[in-house]
Structure formats: structure tokens, C-alpha cells
1. Can you give me the accessible area per residue for the stretch 246-299, using a 1.4 Å probe, in Å²?
2. If the viscosity is 1.002 mPa s and the temperature 20 °C, what translational diffusion coefficient in µm²/s does Stokes-Einstein give for the stretch 141-257 when Rh comes from Kirkwood over Cα pairs?
3. Please give the peptides 219-228, 278-287, 171-180 ranked by average Cβ packing (other Cβ atoms within 10 Å per residue), highest first, as a rough proxy for protection.
4. Over 32 Å between Cα atoms: which of Lys13/Lys335; Lys189/Lys335; Lys151/Lys259; Lys172/Lys259; Lys167/Lys332 fall into that group?
5. With a 10 Å radius around each residue's Cβ, average the other Cβ atoms per peptide and rank 247-258, 66-77, highest first.
Amino acid sequence: YRKNGSWFDGFAKLSYHARANLRVMLSGFYSLANTNQGMEYMNTDWLGSYGMENKYAYYDFSGYPEYQTQGQTVKVTHVLNANNFYDLQLSRIYRYQSQSTFPDDPDGWETGIPQYDRLRAVDANGNSIPGGYNNLIGLHSSGYYYRGRDKNTDLTLSGDYTGQLNKSWQLKSGFDLTYYTIDRYQEAKAFAAIEQNIYHPYEGNLYFQNKLEFQGLIMNLGLRYDFYNPNDVIYLNLFDPFDLIAAQQENRAPNPKTKPTSTYGQVSPRIGISHPISEKTVMHFSYGHFFQRASFGDYGEGYDVTGILNTYLTRPLFGDPAPYNLGNRELKPRKTVAYELGIERN
């Protein structure tokens, strides 16, 4: 459809020394990509299945994609003295992703469906050709199956302190707080399913780390606390979570039973030890607990919709509406305990 896609990447950084011991840094980036797989390479699986049926000689079910990412950061570094300094940083990242009809497509979303040969599906004697009514007119298969738009913003405030307390002891500590705005719209024509919601989850962490250096021994001892909250509601009725079926049967407005989501947290110890045995040999040992939440949810199509925060609802032509995909707000984070013991020798 287009000879080439369009790409742009830019980055800018400005650093200002307000005083000898105080620096302010401003930075930003912008990235744009409007392209699809058919412009960069041909997917042989789809070619084998659909050949040249498609309107644009490539499978157009998913439509025309657009991507944009931008971010801004303000960072302040303050050197207190020769042994102590701290950083404070505020950053914003914005991601936009959409998938819709191709530009100037006369069929559009509603009418972008295949047209079949209803007139010529007969033989020379005027008899119907078996299966002939399924012949497509032109280079068009099934039109657009999906469309959607994601506008996600991450706001993060972070700080880090580093202090060399004496010759053998270095202390580091810091924190991160992130607040998300996930503005999601998805629609799947094939499944008559739609999601249109705005979510505001948040997460953060706090850590302390000590580095102790002695003759023949280096130790890193740390403690970290991670937490997050989907900042949404949990639907209590597993069989009719949105109260749609009961409301329709009782001829009233839906009133689903819910409760607020909980905050999940974990305290994670971290230990690292390095012991030089000789000039050519060193032994090291590490132990730590790690915390990982599941994805809040991202742009998806049809079956590929996953995450803690998803509220994808089917609205069939006949029958009652029902959730097509509902994220598990109570999904607990993953905890990993890792050990490592090694010897290095030159």
C-alpha cells in the first residue's frame, strides 16, 4: 500500500551547572514508526494461506498501525561533599499505539468486508457451480478484524543517595514511585468484543545497600522492598462478574459486586560476597530474593489479550453479553530465590 514506512528517532539533552556542586539535567526523546510487516518482509505463512487475496497483497486483517513514544526527564544531582551526593529524578514516558483502517480506504471499518461473486457463479448451461458463490471479487479477503488504540503514560519519581562513610564502608539507598495512566480501547469484529477503559495502577520500591571492603573480602549487603497495586476493583461474581446477565433478566441497570484491589509487597534480602584467594583466583557467592508482578496489560488483538488489567466484553448479536477476557486483579507477584557460587581463575 505504501512503498515505504516512516520512521523518526530524536534525542536531546541539556546539562546546566547551577553551582559547582549542583547540576540540573533536562533530556527528552521522540520516536515514531508507521509501518507494518508487509513493508519490511513477507510472512510466508500468511502468503501460503491467503495468497494474493488481500486488498493490499498482504494480510490486512489488523489494519494500519501507528506507533509513537516520547519521554522527558528532569534530574538534579547535588554533591554534598567529597564523600556524599544524591540524585532526584522526575520522568514521564508516553506511548501511543493504534491500529485502524488504511488511509483513504473507501470501504472503511464497517463496510470493509469481502464481496462475493453472486452473478457469474454458473456454468455455460446456467447451472450453479458448487462453491462458486464463495469466490471473492478483487484482491480483498475479510477486511479488518481488529482496531484499537492505547495511550499509556508513566510518571516516575526516583531518588538515590550514595555515601562513602569511611575507607571500608559505602552506603547506597533510594526509592522509585511510578503512577500509570493506561487508556485502552480495543475492538475485535470477529468476536464482537470491545474494551474501553482507563486504569491507574501504581508501584514502587525502596532499597538500602551496604558495600564493605576489607583485605581479602568484599561484601554487598542489601535490603529491598517492592510493592504494587492495580488500583482497580475485583469482581466477586465469577459467573456474571459485570452483573449483565442478571440485570437483563430482571430489567434493571447492572450493579456488579466488587471490592478494591489490595497492595502486594515483598521484602527482599540481597547478599553478595567476593573473596580473592590469590592473585589469579577469586571466589564469589550471591543470594537474593526477587519480586516480579505480572503485566498490567497492553495492546492486544483477539485471542492475544493478557494482563492483570483487562476488561474485554463480548456483545454478540444474539444472547447475553459476557466477559471475553477479564484480567485477574488478585494475581499474586512471582517470587524468585536465586543462589550463585563460582570460582574464577586466570
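1. Accessible surface, normalised per residue, equals 65 Å².
2. 111 µm²/s
3. With the highest mean Cβ count within 10 Å placed first, the list reads 219-228, 171-180, 278-287.
4. Violating the 32 Å Cα-Cα cut-off are Lys13/Lys335; Lys189/Lys335; Lys172/Lys259; Lys167/Lys332.
5. Packing order, densest peptide first, comes out as 66-77, 247-258.
The values are calculated or read from the model by the stated rules, or taken from the named source; none is laboratory data. Please read all numbers here as calculations on a predicted model, not as lab measurements. Heads up, the Cβs are rebuilt from the backbone with ideal geometry, glycines too, and the neighbour counts pull from every protein chain shown. To get the accessible areas, we keep the full protein, side chains included, count just its heavy atoms, and leave off ligands, DNA and RNA. Shrake-Rupley method; radii C 1.70, N 1.55, O 1.52, S 1.80 Å.
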